[in-house]
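The block underneath contains the structure these notes are about, expressed in structure tokens.
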Amino acid sequence: MKLDILLLLSHIENYNITFLKMKKKSIYLLLFTVLFSMQNLNASTKKSVVQNERWTTEKATAWYASQPWLSGCNFQPSSAINQIEMWQSESFDAPTIDKELGWAEELGLTPCVFI
């Protein structure tokens, strides 16, 4: 009986020591994470201040004039009722998809295909 109590006490003591070591490691990890996050926050704040300078009207107009005409579309084949059905094995229609994507290419559109 006395031996059982001593064994139990030694297990409790080992558990407490292990718990304290884990707690100490967790605190160090939390401290490192917070400090690292603060450093990145400071760096990103400095970058965003520089990036958020307002353009002049002339600069914005010149940038817009240098951009190509926006031409794109969301693609869904005529054989599917939604983006999910487009990929189902029962309703997947490769010839229709190729034909309709070819039409978009002929028109100069850049289709967005939902995957």
> Under a plain spin-label model, where a point goes 7 Å from the Cα along Cα-to-Cβ, how far apart in nm are residue 107 and residue 79?
Replying inline: 2.0
> How far apart, in nm, are two points set 7 Å out from the Cα along the Cα-to-Cβ line at residue 98 and at residue 64?
Replying inline: 4.2
> Could the peptides 62-68, 109-115, 95-101 be put in order, highest first, of the mean number of other beta-carbon atoms found within 10 Å of their residues?
Replying inline: 95-101, 109-115, 62-68
> Which whole-number percent is the relative contact order of the range 63-113 (Cα, under 8 Å, 6+ apart)?
Replying inline: 46
> Under unit Cβ charges (Lys, Arg +1; Asp, Glu -1), what dipole magnitude, rounded to 20 debye, does the range 63-113 have relative to its Cα centre?
Replying inline: 220
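Bear in mind these aren't lab numbers, they're just calculated from the coordinates by the rules spelled out. No experiment lies behind these values; they were computed from the predicted model shown. Here the Cβ is made from the backbone with ideal geometry for all residues, glycine too, and neighbour counts use every protein chain on show.
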